[in-house]
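Read through the structure below, which is laid out as C-alpha coordinates, and then see the notes.
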Amino acid sequence: MVKRNQLSPPQPPPLPIKEQCKSLIKNLASCKQTIRDRSLRTVLRTWLPEQTSIPDESMKKLWQGLFYCLWHADKSLYQSELIDRLAAALQSLPLPLSLHYFSAFLFTMRREWSRIDRLRLDKFYLLIRRFLNGLFEIMDGSAWDLELTRRLMGVLFDGTFFGGGRFNGSGGVSYHVACAFVEEVRPFLPLRKEVLEVVFGPFVVVMGVVSDKVLVGKVKSCLFDELLEWEEAVDQEFEEVTVAMKIPAGPVREFFQGFDTVLKVYAANIFFILSHFSSKTDHVIHIYQ
(Lines give C-alpha, C1' and ligand atoms only; values in the text may rest on other atoms or scores of the structure.)
Protein backbone atom coordinates (compact mmCIF):
# COMPACT_ATOMS: atom_id res chain seq x y z
CA MET A 1 0.00 0.00 0.00
CA VAL A 2 1.47 3.31 -1.08
CA LYS A 3 1.32 6.03 1.53
CA ARG A 4 0.34 9.39 0.31
CA ASN A 5 2.60 12.29 1.13
CA GLN A 6 0.87 14.17 3.85
CA LEU A 7 1.55 17.82 3.29
CA SER A 8 0.58 20.26 5.99
CA PRO A 9 -1.59 23.09 4.75
CA PRO A 10 0.17 26.41 4.27
CA GLN A 11 0.14 28.58 7.35
CA PRO A 12 -1.48 31.99 7.05
CA PRO A 13 0.89 34.94 7.53
CA PRO A 14 0.95 36.31 11.08
CA LEU A 15 -1.25 39.25 11.81
CA PRO A 16 0.41 42.66 12.23
CA ILE A 17 1.34 43.47 15.81
CA LYS A 18 -1.39 46.11 16.04
CA GLU A 19 -4.04 43.56 15.09
CA GLN A 20 -2.63 40.99 17.51
CA CYS A 21 -2.68 43.57 20.32
CA LYS A 22 -6.25 44.51 19.57
CA SER A 23 -7.43 40.94 20.08
CA LEU A 24 -5.31 40.41 23.20
CA ILE A 25 -6.40 43.67 24.81
CA LYS A 26 -10.06 42.87 24.31
CA ASN A 27 -9.67 39.53 26.06
CA LEU A 28 -7.44 40.88 28.84
CA ALA A 29 -10.16 43.35 29.78
CA SER A 30 -12.95 40.78 29.67
CA CYS A 31 -15.34 40.54 32.60
CA LYS A 32 -14.86 36.74 32.58
CA GLN A 33 -11.84 35.50 34.52
CA THR A 34 -11.35 32.42 32.32
CA ILE A 35 -11.01 34.59 29.20
CA ARG A 36 -8.64 37.00 30.97
CA ASP A 37 -6.49 34.15 32.29
CA ARG A 38 -6.22 32.49 28.89
CA SER A 39 -5.25 35.77 27.21
CA LEU A 40 -2.74 36.58 29.95
CA ARG A 41 -1.03 33.20 29.53
CA THR A 42 -0.74 33.87 25.81
CA VAL A 43 0.75 37.33 26.39
CA LEU A 44 3.28 36.40 29.06
CA ARG A 45 4.31 32.90 27.93
CA THR A 46 4.39 33.16 24.15
CA TRP A 47 3.39 36.40 22.47
CA LEU A 48 5.44 38.94 24.42
CA PRO A 49 8.69 36.89 24.66
CA GLU A 50 8.56 36.26 20.89
CA GLN A 51 8.63 39.97 20.05
CA THR A 52 11.91 41.67 19.26
CA SER A 53 10.35 45.12 19.43
CA ILE A 54 6.87 46.54 19.82
CA PRO A 55 5.64 49.95 18.62
CA ASP A 56 5.23 52.28 21.57
CA GLU A 57 1.53 52.81 20.95
CA SER A 58 0.95 49.05 20.84
CA MET A 59 2.85 48.52 24.09
CA LYS A 60 0.76 51.20 25.79
CA LYS A 61 -2.44 49.62 24.52
CA LEU A 62 -1.25 46.23 25.73
CA TRP A 63 -0.66 47.71 29.17
CA GLN A 64 -4.12 49.20 29.13
CA GLY A 65 -5.42 45.66 28.76
CA LEU A 66 -3.14 44.43 31.57
CA PHE A 67 -4.34 47.29 33.76
CA TYR A 68 -7.98 46.25 33.38
CA CYS A 69 -7.02 42.61 33.80
CA LEU A 70 -5.92 43.54 37.32
CA TRP A 71 -8.83 45.96 37.71
CA HIS A 72 -11.30 43.06 37.41
CA ALA A 73 -9.36 40.79 39.79
CA ASP A 74 -11.28 40.56 43.06
CA LYS A 75 -9.85 38.01 45.49
CA SER A 76 -6.68 39.00 47.38
CA LEU A 77 -4.72 35.80 46.68
CA TYR A 78 -5.57 35.92 42.99
CA GLN A 79 -4.59 39.60 42.85
CA SER A 80 -1.22 38.89 44.44
CA GLU A 81 -0.48 35.99 42.07
CA LEU A 82 -1.49 38.08 39.06
CA ILE A 83 0.73 40.96 40.18
CA ASP A 84 3.68 38.60 40.65
CA ARG A 85 3.20 37.27 37.11
CA LEU A 86 3.10 40.76 35.63
CA ALA A 87 6.21 41.85 37.52
CA ALA A 88 8.13 38.64 36.74
CA ALA A 89 8.10 39.55 33.05
CA LEU A 90 10.68 42.24 33.80
CA GLN A 91 13.33 39.57 34.43
CA SER A 92 12.24 37.15 31.70
CA LEU A 93 12.14 39.59 28.76
CA PRO A 94 15.20 40.80 26.85
CA LEU A 95 16.49 44.01 28.41
CA PRO A 96 15.33 46.49 25.71
CA LEU A 97 11.85 44.98 25.70
CA SER A 98 11.82 44.82 29.50
CA LEU A 99 12.61 48.53 29.76
CA HIS A 100 9.87 49.33 27.25
CA TYR A 101 7.46 47.15 29.24
CA PHE A 102 8.40 48.99 32.45
CA SER A 103 8.14 52.42 30.84
CA ALA A 104 4.67 51.63 29.47
CA PHE A 105 3.66 50.35 32.91
CA LEU A 106 4.59 53.72 34.49
CA PHE A 107 2.81 55.62 31.72
CA THR A 108 -0.34 53.56 32.24
CA MET A 109 -0.28 54.01 36.01
CA ARG A 110 -0.07 57.78 35.63
CA ARG A 111 -2.73 57.89 32.93
CA GLU A 112 -5.23 55.72 34.82
CA TRP A 113 -4.45 56.68 38.42
CA SER A 114 -7.25 59.21 38.85
CA ARG A 115 -9.79 56.54 37.85
CA ILE A 116 -8.83 54.08 40.57
CA ASP A 117 -11.36 54.04 43.39
CA ARG A 118 -10.27 53.61 47.00
CA LEU A 119 -11.40 49.97 47.11
CA ARG A 120 -8.94 49.10 44.33
CA LEU A 121 -6.00 51.25 45.46
CA ASP A 122 -4.27 48.60 47.56
CA LYS A 123 -3.74 46.19 44.68
CA PHE A 124 -2.27 48.93 42.50
CA TYR A 125 -0.03 50.04 45.38
CA LEU A 126 1.20 46.44 45.53
CA LEU A 127 1.72 46.41 41.76
CA ILE A 128 3.99 49.46 41.99
CA ARG A 129 5.99 47.85 44.78
CA ARG A 130 6.44 44.61 42.86
CA PHE A 131 7.65 46.50 39.79
CA LEU A 132 10.08 48.53 41.89
CA ASN A 133 11.42 45.28 43.30
CA GLY A 134 11.65 43.84 39.78
CA LEU A 135 13.68 46.85 38.66
CA PHE A 136 16.12 46.35 41.52
CA GLU A 137 16.33 42.64 40.65
CA ILE A 138 17.56 43.59 37.18
CA MET A 139 20.17 45.91 38.68
CA ASP A 140 21.24 43.25 41.16
CA GLY A 141 21.52 40.67 38.39
CA SER A 142 24.04 42.92 36.65
CA ALA A 143 26.06 43.28 39.89
CA TRP A 144 24.79 46.88 39.97
CA ASP A 145 26.60 47.86 36.82
CA LEU A 146 26.76 51.65 36.95
CA GLU A 147 25.69 52.34 33.39
CA LEU A 148 22.76 49.94 33.52
CA THR A 149 21.70 51.19 36.97
CA ARG A 150 21.84 54.78 35.73
CA ARG A 151 19.78 53.81 32.70
CA LEU A 152 17.12 52.02 34.76
CA MET A 153 16.89 54.83 37.30
CA GLY A 154 16.46 57.23 34.40
CA VAL A 155 13.48 55.26 33.12
CA LEU A 156 11.96 55.24 36.62
CA PHE A 157 12.40 58.96 37.24
CA ASP A 158 11.36 60.03 33.74
CA GLY A 159 8.19 58.00 34.14
CA THR A 160 7.32 59.36 37.59
CA PHE A 161 8.96 62.36 39.25
CA PHE A 162 10.01 64.06 36.02
CA GLY A 163 7.00 62.91 34.02
CA GLY A 164 5.29 66.31 34.16
CA GLY A 165 1.64 67.07 34.78
CA ARG A 166 0.25 65.58 31.60
CA PHE A 167 -2.37 63.57 33.48
CA ASN A 168 -4.52 65.16 36.17
CA GLY A 169 -4.37 63.35 39.49
CA SER A 170 -1.36 61.23 38.51
CA GLY A 171 0.82 62.46 41.39
CA GLY A 172 -0.23 59.51 43.51
CA VAL A 173 2.08 57.26 41.49
CA SER A 174 5.13 59.37 42.35
CA TYR A 175 4.02 59.65 45.97
CA HIS A 176 3.85 55.89 46.35
CA VAL A 177 7.18 55.31 44.59
CA ALA A 178 8.78 57.76 47.03
CA CYS A 179 7.14 56.04 50.01
CA ALA A 180 8.02 52.50 48.92
CA PHE A 181 11.52 53.11 47.53
CA VAL A 182 13.63 52.60 50.66
CA GLU A 183 11.68 49.55 51.79
CA GLU A 184 11.96 47.87 48.38
CA VAL A 185 15.67 48.59 47.87
CA ARG A 186 16.63 47.60 51.42
CA PRO A 187 16.88 43.81 50.75
CA PHE A 188 19.57 44.56 48.15
CA LEU A 189 21.78 46.57 50.50
CA PRO A 190 24.59 47.23 51.13
CA LEU A 191 25.76 48.86 47.90
CA ARG A 192 28.96 50.50 46.78
CA LYS A 193 29.27 54.26 47.27
CA GLU A 194 29.17 54.99 43.55
CA VAL A 195 26.01 52.89 43.19
CA LEU A 196 24.37 54.69 46.11
CA GLU A 197 25.02 57.97 44.39
CA VAL A 198 23.29 56.77 41.21
CA VAL A 199 20.35 55.26 43.11
CA PHE A 200 19.70 58.00 45.67
CA GLY A 201 21.27 61.06 44.08
CA PRO A 202 18.34 61.86 41.76
CA PHE A 203 16.08 62.29 44.80
CA VAL A 204 18.17 65.29 45.81
CA VAL A 205 17.47 66.77 42.39
CA VAL A 206 13.76 66.06 42.85
CA MET A 207 13.72 68.00 46.11
CA GLY A 208 15.42 70.92 44.41
CA VAL A 209 13.43 71.22 41.19
CA VAL A 210 9.87 69.95 41.60
CA SER A 211 7.12 72.36 42.61
CA ASP A 212 4.86 69.71 44.15
CA LYS A 213 5.18 70.33 47.89
CA VAL A 214 3.44 67.05 48.72
CA LEU A 215 6.02 65.12 46.67
CA VAL A 216 8.91 67.00 48.30
CA GLY A 217 7.42 66.13 51.68
CA LYS A 218 7.12 62.46 50.73
CA VAL A 219 10.75 62.29 49.58
CA LYS A 220 11.90 64.04 52.76
CA SER A 221 9.88 61.93 55.20
CA CYS A 222 9.91 58.53 53.49
CA LEU A 223 13.46 58.60 52.15
CA PHE A 224 15.91 61.02 53.72
CA ASP A 225 14.32 61.11 57.18
CA GLU A 226 14.31 57.31 57.08
CA LEU A 227 18.00 57.24 56.24
CA LEU A 228 18.75 59.69 59.04
CA GLU A 229 16.90 57.41 61.46
CA TRP A 230 19.16 54.58 60.32
CA GLU A 231 22.14 56.80 61.13
CA GLU A 232 20.79 57.43 64.62
CA ALA A 233 20.26 53.69 65.08
CA VAL A 234 23.90 53.07 64.18
CA ASP A 235 25.08 55.71 66.67
CA GLN A 236 22.94 54.12 69.37
CA GLU A 237 24.30 50.69 68.52
CA PHE A 238 27.87 51.97 68.79
CA GLU A 239 27.14 53.57 72.16
CA GLU A 240 25.50 50.44 73.58
CA VAL A 241 28.35 48.19 72.47
CA THR A 242 30.95 50.63 73.77
CA VAL A 243 29.32 50.79 77.20
CA ALA A 244 28.80 47.03 77.38
CA MET A 245 32.38 46.24 76.41
CA LYS A 246 33.86 49.13 78.47
CA ILE A 247 36.20 50.15 75.69
CA PRO A 248 36.66 53.44 73.79
CA ALA A 249 34.23 54.18 70.99
CA GLY A 250 36.96 54.45 68.38
CA PRO A 251 37.91 50.74 68.29
CA VAL A 252 34.24 49.77 68.29
CA ARG A 253 33.57 51.95 65.27
CA GLU A 254 36.57 50.45 63.49
CA PHE A 255 35.25 47.00 64.35
CA PHE A 256 31.81 47.74 62.91
CA GLN A 257 33.34 49.34 59.82
CA GLY A 258 34.84 45.96 59.05
CA PHE A 259 31.33 44.67 58.44
CA ASP A 260 29.55 45.83 55.31
CA THR A 261 26.25 46.30 57.15
CA VAL A 262 23.25 48.07 55.72
CA LEU A 263 23.02 50.70 58.43
CA LYS A 264 26.73 51.47 58.45
CA VAL A 265 26.84 52.00 54.71
CA TYR A 266 23.94 54.41 54.79
CA ALA A 267 25.15 56.24 57.89
CA ALA A 268 28.42 56.89 56.11
CA ASN A 269 26.96 57.83 52.76
CA ILE A 270 23.80 59.90 53.07
CA PHE A 271 25.75 63.14 53.28
CA PHE A 272 28.25 61.82 50.76
CA ILE A 273 25.37 61.75 48.30
CA LEU A 274 24.25 65.24 49.25
CA SER A 275 27.74 66.65 48.90
CA HIS A 276 27.96 65.44 45.30
CA PHE A 277 24.93 67.51 44.37
CA SER A 278 26.15 70.79 45.83
CA SER A 279 23.94 72.92 43.56
CA LYS A 280 20.88 71.41 45.28
CA THR A 281 22.27 70.90 48.77
CA ASP A 282 21.36 74.38 50.04
CA HIS A 283 17.74 73.75 49.08
CA VAL A 284 17.72 70.41 50.89
CA ILE A 285 19.35 71.88 53.99
CA HIS A 286 16.75 74.65 54.01
CA ILE A 287 13.97 72.02 54.02
CA TYR A 288 15.50 70.40 57.11
CA GLN A 289 15.89 73.68 59.02
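The values are calculated or read from the model by the stated rules, or taken from the named source; none is laboratory data. Model, not experiment: these values are computed from the prediction. Because the Cβ atoms are built from the backbone with ideal geometry, glycine has one as well, and the counts that use them run over all protein chains shown.
Quick notes on this structure:
- Residue count for the stretch 170-179, restricted to those that are surrounded by fewer than 20 Cβ atoms within 10 Å (Cβ to Cβ) and under 27 Å from residue 142 (Cα atoms): 1.
- Filtered residues of the stretch 191-216 (kept if surrounded by 16 or more Cβ atoms within 10 Å (Cβ to Cβ), closer than 17 Å to residue 141 by Cβ and over 14 Å from the mean Cα position of the chain (by Cα)): 191, 195, 198
- Between 88, 104, the distinction of being touching a Phe, Trp or Tyr at 6+ places or on another chain (Cβ under 7 Å) and assigned to a helix (DSSP H, G or I) belongs to 104 only.
- Residue match in the stretch 110-126 (condition: under 28 Å from residue 220 (Cβ atoms), among the β-branched types (Val, Ile, Thr) and part of a helix (DSSP H, G or I)): no
- Near pairs, Cβ below 8 angstrom, 6+ apart or cross-chain, from the stretch 117-139 (in contact (Cβ under 8 Å) with a residue 12 or more places away in the chain and within 12 Å of residue 185 (Cα to Cα)) to any residue that is in a helix (DSSP H, G or I) and among the aromatic types (Phe, Trp, Tyr): 131/102; 131/105; 132/181; 134/102; 135/102; 136/188; 139/188
- For residue 57, the conditions (1) in contact with a helix residue (DSSP H, G or I) (Cβ under 6 Å, 6 or more places away or on another chain); (2) part of a helix (DSSP H, G or I); (3) modelled with pLDDT of 90 or more all hold with the exception of (1).
- Residue 23 at pLDDT below 90, assigned to a helix (DSSP H, G or I), of a type in the set (Ser, Thr, Tyr) and more than 17 Å from the chain's Cα centre (by Cα): yes
- Among residues that are free of Cβ contacts under 8 Å to residues at least 40 places away in the same chain and polar (S, T, N, Q), residue 174 is not included.
- Residues that are outside any helix (DSSP H, G or I) and in contact (Cβ under 8 Å) with a residue 40 or more places away in the chain were ranked within the stretch 198-219; the one that is nearest to residue 147 (Cα to Cα) is 210.
- Close pairs (7 angstrom Cβ cut-off, 6 or more residues apart or separate chains): in contact (Cβ under 8 Å) with a residue 24 or more places away in the chain and surrounded by fewer than 18 Cβ atoms within 10 Å (Cβ to Cβ) in the stretch 87-113, of a type in the set (Asp, Glu) and assigned to a helix (DSSP H, G or I) anywhere: 91/137
- Criterion: in a helix (DSSP H, G or I), hydroxyl-bearing (Ser, Thr, Tyr) and exposed (fewer than 14 other Cβ atoms within 10 Å of the Cβ) - qualifying residue of 34, 52, 42: 34
- From the options 209, 195, residue that is in contact with a Ser or Thr (Cβ under 7 Å, 6 or more places away or on another chain) and either at pLDDT 90 or above or of a type outside the set (Asp, Glu) (or both): 195
- Scanning the stretch 137-147 for residues that are assigned to a helix (DSSP H, G or I) and crowded, with 17+ Cβ neighbours inside 10 Å yields 138, 139.
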